[in-house]
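To start, the structure under review is shown below, and the notes come after it.
Readers should treat all values here as calculations from the given coordinates under stated rules, not as data from a laboratory. Note that the coordinates shown come from a computational prediction; the quantities given were computed from them, not determined experimentally. Here Cβ is always computed from backbone atoms with ideal geometry, including for glycine, and neighbour counts include all displayed protein chains.
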């Protein structure tokens, strides 16, 4: 078991105002209860918070530069080779209103905006965003969507909650059948209700439980250098499907496994 623990002095949680139901204060309260010696500070969305420390003139120039940088790293070819799609709509519809970025360059753009006094190992920034993030799998010419990009700062994509993990095969099969015969809105709603316990969609009431789990992963990664767990009921489990994600974060047995409870206790010594 990993025994080295890097104390977390501060955790900053940045809001995603476009994510229906996301309560950054609730997520922050959960992290504060798990890490009682850590100062947990919920903040407004990342860019609003970081830009406000600059003058109006500086902010205008900085915003111009950031827009240019983001335009260069935006993924436009994602629809031609998308892996991990799990949404209710076709990919081009589901992602049309969201920007999609390569994870590492996007993280670099955000990191450059962090103030100098908040970048050491004792500070962890967790940015919730509606932007979709992912990486290319060069050998397959596929773009793989992710829900989280660990590091400084950690990026958590709320769009990734829906799009990065596949839905059950039975759901996709029945939806394909409905589409073949002219699916209407009532049929789609009935299908969504039938699979509600096994799927996650936009506006889902369980968004805060999912967000807590990913924030917890970020904290463990910073504190211990390790993140994921093999226990399907541990909140650090690296879910591969929406069904696994819901079980790990919202199921009746959801919580930290014994091993990670012990690791958490090391921070209190």
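If the chain linking residue 177 and residue 58 were pulled fully straight, counting 0.36 nm for each residue of separation and taking away their Cα-Cα distance, it would gain 37.4 nm. Note: relative contact order over the chain, using C-alpha pairs below 8 Å and six or more positions apart, is 22 percent. Length gained on full extension, residue 169 to residue 228, computed as 0.36 nm times the residue gap minus the Cα-Cα distance: 18.8 nm. A protection proxy built from the mean count of other Cβ atoms within 10 Å ranks the segments 50-57, 31-38, most packed first, as 31-38, 50-57.
Using a 10 Å cut-off around each Cβ, can you sort 235, 137 from fewest to most neighbouring Cβ atoms?
137, 235
Potential lengthening of the chain between residue 117 and residue 142 amounts to 5.2 nm, from the contour at 0.36 nm per residue minus the alpha-carbon distance.
Tell me the mean residue ellipticity at 222 nm calculated for the chain from its helices only (DSSP H runs of n ≥ 4, each -39500 (n - 2.57), averaged over every residue, nearest 500).
My calculation for the chain gives -12500 deg cm²/dmol from helical runs alone.
Compute the Cα gyration tensor for region 120-228, then decide on rounded, prolate or oblate, letting a ≥ b ≥ c be the square roots of its eigenvalues: rounded whenever a/c is under 1.5, prolate when a/b is larger than b/c in the other cases, and oblate in all that remain. Because a/c hits 1.5 or more and a/b exceeds b/c, region 120-228 counts as prolate. Among 16, 258, a tally of other beta-carbon atoms within 10 Å of each Cβ gives an order, fewest to most, of 258, 16. With contacts taken as Cα pairs under 8 Å and at least 6 residues apart, region 181-269 reaches a relative contact order of 23 percent.
If you take the Cα centroid of region 108-160 and the Cα centroid of region 237-267, the two points sit 21 Å apart.
Sort 167, 206 so the one with the fewest other Cβ atoms within 10 Å of its own Cβ comes first.
206, 167
Take 237-249, 108-120 and order them by the average number of nearby Cβ atoms within 10 Å per residue, most first; the result is 237-249, 108-120.
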